[in-house]
Amino acid sequence: MMQILKIALLCTATMLTAHAEDIVEVGGKGATCVEDAGCINRIHPDIPMIATAKPGQTILFRTRDTFDILGTVDSQTEKMNEIGDDWHFGRIHPVTGPVYIEGAKAGDVLAFTITKIKPGRHAYTKGGNYGFAFDLIGGDEFGVTWRLDEDFATSADLPGIKIPNRSFPGLVTTMPDRENLVKMLAREKALLEAGGTVHPPITDFASPASVCGPDGSAPEECLRTIPPREHGGNLDIRYLQTGVTIYLPCYIDGCGLAVGDFHYAQGDGEVAGTAIEMSADLWGKAEIIKNGPDLTHGPHYSGASTLLDIPSTKFYAVTGFPLKEKGSTPPRLQYLGSAKVADLENLSNDINLAARNALDGIIDYIVATYGYDRQHAYIIASVAVDLRIGQLVDAPNVGVTAILPLDIFENKIE
């Protein structure tokens, strides 16, 4: 808390403020991101800025859903578009921007405050052979669609569930400079060659095509938006709601602010790989901080402590520890090729395995208590269950808890 207060005071003391009554509107044209001059789905310092905003000026970002299949908020009707399985991985994630922040220089910190979010009418959650613990669920790709209003998300595919509106952008980013781009590409290439999970550059459906497409100027250098990095990106932090300020590094002049991947709601972990995915409009204001906080380890954020609460008056929680069956290796550790991992029944201080076990337990609880199958329970966990660290010091068994808000169930268990 003291660190947040220090950052807030630093902002107050050093912000360069300018105010304008007009709004800078970005994105929202065309049927898909590739057709929208205000939309990108790759990260690179050579991507041209699409608009300019002064510090303190309101910016309206008109964004698209993560698979680019719902259209923008204004294009949606009462009837939801057909959600098929023919979406392409190269389309992920449509991001609105980048915006040049007037007066921002490389080395500054950008403080971006979210002032308003307007959800679309429809959304979806998908699961399958991806996500945090897909091997615990099995089966082909599956999913549900949601109907959204200002207060709740409901789904005919999940009767008896009402998920409160906690809208936020999963992805908030600035553009890296060339030095950091080269470093990020090199470390991810090394991890990929070692067998780790990495999403290297691909040119299919890349936007902007002039930089990242097959005939672009840098097709092998454009970072995918899948993971977050030091510049921000796909943070997927559910606390980045209206009223929160996000602190991002400016690696290049103007910073190159962009947002996307909006979620109506998400549990800490987004375990199925998706949350309640939607298009949204976001209003926000950027300020420049000179001599700002050290963002070496990643972006910071601050806001009201009420945003840290679960959206429920009651909860049920399951604990998890790094225990497993002898002879098994969790999928996320297989690339290390360690015989020790397979032979052990207990991994020392492994928070990943502890989280898997807590998640497995809460899925079992949802199935046993509310009658959903494991796939639907996995989706409920992805949009509503918080995975939280209990402790990291009680070696070898660090602890994770999976917290299920009970008010989401219309047939509540007292």
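The values are calculated or read from the model by the stated rules, or taken from the named source; none is laboratory data. All figures in this text were calculated on a predicted structure; none of them were measured in a lab. Here Cβ is always computed from backbone atoms with ideal geometry, including for glycine, and neighbour counts include all displayed protein chains.
Among the residues in the stretch 303-326, are any outside any loop (DSSP other than H, G, I, E, B), among the charged types (D, E, K, R) and surrounded by 16 or more Cβ atoms within 10 Å (Cβ to Cβ)? No, the conditions are met nowhere in the stretch 303-326.
Listed by first and then second residue, the pairs with beta-carbon distance under 7 Å, at least 6 apart or on different chains, first residue in the stretch 194-220 and in contact (Cβ under 8 Å) with a residue 12 or more places away in the chain, second polar (S, T, N, Q) and in a helix (DSSP H, G or I), are Gly216/Ser210; Ser217/Ser210. Selection of the stretch 241-269 for residues being surrounded by fewer than 24 Cβ atoms within 10 Å (Cβ to Cβ) and either closer than 22 Å to Ala384 by Cβ or of a type in the set (Gly, Ala, Ser) (or both) yields Gln241, Thr242, Gly243, Val244, Gly254, Asp268, Gly269.
Listed by first and then second residue, the pairs linking a residue in the stretch 313-341 that is farther than 17 Å from Leu136 by Cα to a residue that is surrounded by fewer than 14 Cβ atoms within 10 Å (Cβ to Cβ), with Cβ atoms under 7 Å apart and 6 or more places separating them unless they lie on different chains, are Tyr335/Ala194; Tyr335/Gly195; Tyr335/Gly196. Answer yes or no: is there a residue in the stretch 272-281 that is surrounded by fewer than 24 Cβ atoms within 10 Å (Cβ to Cβ) and within 18 Å of Ser155 (Cβ to Cβ). Yes. Evaluating Lys340 against the criteria (1) touching a Pro at 6+ places or on another chain (Cβ under 9 Å); (2) surrounded by fewer than 12 Cβ atoms within 10 Å (Cβ to Cβ); (3) not acidic (Asp, Glu) leaves one unmet condition, (1). Just to check your reading of the model, which residue among Thr96, Thr52, Thr66 is loosely packed, with under 14 Cβ neighbours inside 10 Å, β-branched (Val, Ile, Thr) and over 19 Å from Thr203 (Cβ atoms)? Within the list Thr96, Thr52, Thr66, the selection yields Thr52.
To keep it simple, each residue is scored yes or no on (1) modelled with pLDDT under 95; (2) of a type in the set (A, V, I, L, M).
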site	(1), (2)
Phe168	no, no
Val172	no, yes
Val182	no, yes
Thr197	yes, no
Gly213	no, no
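Is it the case that Ile163 is modelled with pLDDT under 95 and β-branched (Val, Ile, Thr)? In short, no.
Scanning the stretch 245-293 for residues that are of a type in the set (Asp, Glu) and either part of a strand (DSSP E or B) or within 11 Å of Gly170 (Cβ to Cβ) (or both) gives Asp261, Glu270, Glu277, Asp281, Glu287. Among helices (runs of 4 or more DSSP H) entirely within the stretch 327-414, having at least 3 residues that are closer than 28 Å to Phe168 by Cα singles out 351-370, 374-384.
Condition first: in contact (Cβ under 8 Å) with a residue 24 or more places away in the chain, at negative phi and either in the same structural domain as Gly361 (by TED's automatic domain parsing) or under 19 Å from the mean Cα position of the chain (by Cα) (or both). Can you find one or more residues in the stretch 97-107 that meet it? Scanning the stretch 97-107, I find at least one residue that is in contact (Cβ under 8 Å) with a residue 24 or more places away in the chain, at negative phi and either in the same structural domain as Gly361 (by TED's automatic domain parsing) or under 19 Å from the mean Cα position of the chain (by Cα) (or both), so the answer is yes. When restricted to residues that are out of contact with any strand residue (DSSP E or B) (no Cβ under 6 Å at 6 or more places or on another chain) and closer than 16 Å to Glu102 by Cβ, the stretch 22-47 contains 1. Applying a threshold of 9 Å to beta carbon distances and a minimum spacing of six or more residues, or different chains, the list of pairs starting in the stretch 128-151 at a residue that is at positive phi and ending at one that is surrounded by fewer than 18 Cβ atoms within 10 Å (Cβ to Cβ) and of a type in the set (S, T, N, Q) reads Gly139/Asn129.
When the stretch 103-113 is filtered for residues that are surrounded by fewer than 24 Cβ atoms within 10 Å (Cβ to Cβ) and part of a strand (DSSP E or B), only Thr113 remains. Say whether the condition of being farther than 19 Å from Gly267 by Cβ and crowded, with 22+ Cβ neighbours inside 10 Å is met by at least one residue in the stretch 369-390. No. For the stretch 373-391, the count of residues that are at pLDDT 95 or above, of a type in the set (Ser, Thr, Tyr) and under 24 Å from the mean Cα position of the chain (by Cα) is nonzero.
Being over 25 Å from Leu248 (Cα atoms), at pLDDT below 95 and surrounded by 15 or more Cβ atoms within 10 Å (Cβ to Cβ) holds for only one residue in Gly139, Gly120, Gly143, Gly84, and it is Gly143.
Candidates in the stretch 221-232 are the residues that are touching a His at 6+ places or on another chain (Cβ under 9 Å) and either in contact (Cβ under 8 Å) with a residue 40 or more places away in the chain or of a type in the set (D, E, K, R) (or both); of these, the one that is surrounded by the most Cβ atoms within 10 Å (Cβ to Cβ) is Cys222.
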